[in-house]
Amino acid sequence: MLAISWKEASDRALVEAMLASGDEAAFRELYARYTPRLYRIVINLLDGQEQEAEDVVQETWLRAATALRGFRWGSSLSTWL
């Protein structure tokens, strides 16, 4: 069985794979792409509170995973996140 590599896939392809079949590898790729940026934004907003920033980033991903079906691609995924 050949494993699918998601490294070169578009955000839309990754989201569609997640929604269609719950593809964990697709989610992990999105997480790897956007978590560093999310963390930098949050850590700055929280004046360097690392533990709180980590919690906020995790909560962001939980909410995003739940709300992705409603994402209309009117903006980039990174902006929506």
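Report the residue count in segment 62-81 for those that are without any contact (Cβ under 8 Å) to a residue 12 or more places away in the chain, farther than 12 Å from VAL15 by Cα and hydroxyl-bearing (Ser, Thr, Tyr).
2
For segment 15-34, what are the residues that are open to solvent by 40 Å² or more (accessible area, probe 1.4 Å), more than 10 Å from the chain's Cα centre (by Cα) and of a type in the set (A, V, I, L, M)?
Passing the criteria: LEU19, ALA20, ALA25.
If only one of ARG37, ARG12 is of a type outside the set (A, V, I, L, M), part of a helix (DSSP H, G or I), touching a Ser or Thr at 6+ places or on another chain (Cβ under 7 Å) and surrounded by fewer than 15 Cβ atoms within 10 Å (Cβ to Cβ), which one is it?
The conditions single out ARG37.
How many of the residues making up segment 42-56 are open to solvent by less than 100 Å² (accessible area, probe 1.4 Å), of a type in the set (A, V, I, L, M, F, W, C) and either over 14 Å from the mean Cα position of the chain (by Cα) or modelled with pLDDT under 95 (or both)?
4
Which pairs have Cβ atoms under 8 Å, sit 6 or more apart or on different chains, and link a residue in segment 46-61 that is within 19 Å of ARG28 (Cα to Cα) and of a type in the set (Ser, Thr, Tyr) to one that is surrounded by 14 or more Cβ atoms within 10 Å (Cβ to Cβ) and at pLDDT below 95?
THR60/LEU81
Among the residues of segment 62-79, count how many are closer than 14 Å to TYR31 by Cα and either surrounded by 13 or more Cβ atoms within 10 Å (Cβ to Cβ) or of a type in the set (Asp, Glu) (or both).
4
Search segment 55-81 for residues being in a helix (DSSP H, G or I) and charged (D, E, K, R), and hand back the single one that is nearest to ALA20 (Cα to Cα).
ARG69
The values are calculated or read from the model by the stated rules, or taken from the named source; none is laboratory data. Keep in mind the model is a prediction, meaning the values are calculated, not measured. Here Cβ is always computed from backbone atoms with ideal geometry, including for glycine, and neighbour counts include all displayed protein chains. We work out accessible area using only protein heavy atoms, side chains counted, and drop any ligands, DNA or RNA first. Shrake-Rupley method; radii C 1.70, N 1.55, O 1.52, S 1.80 Å.
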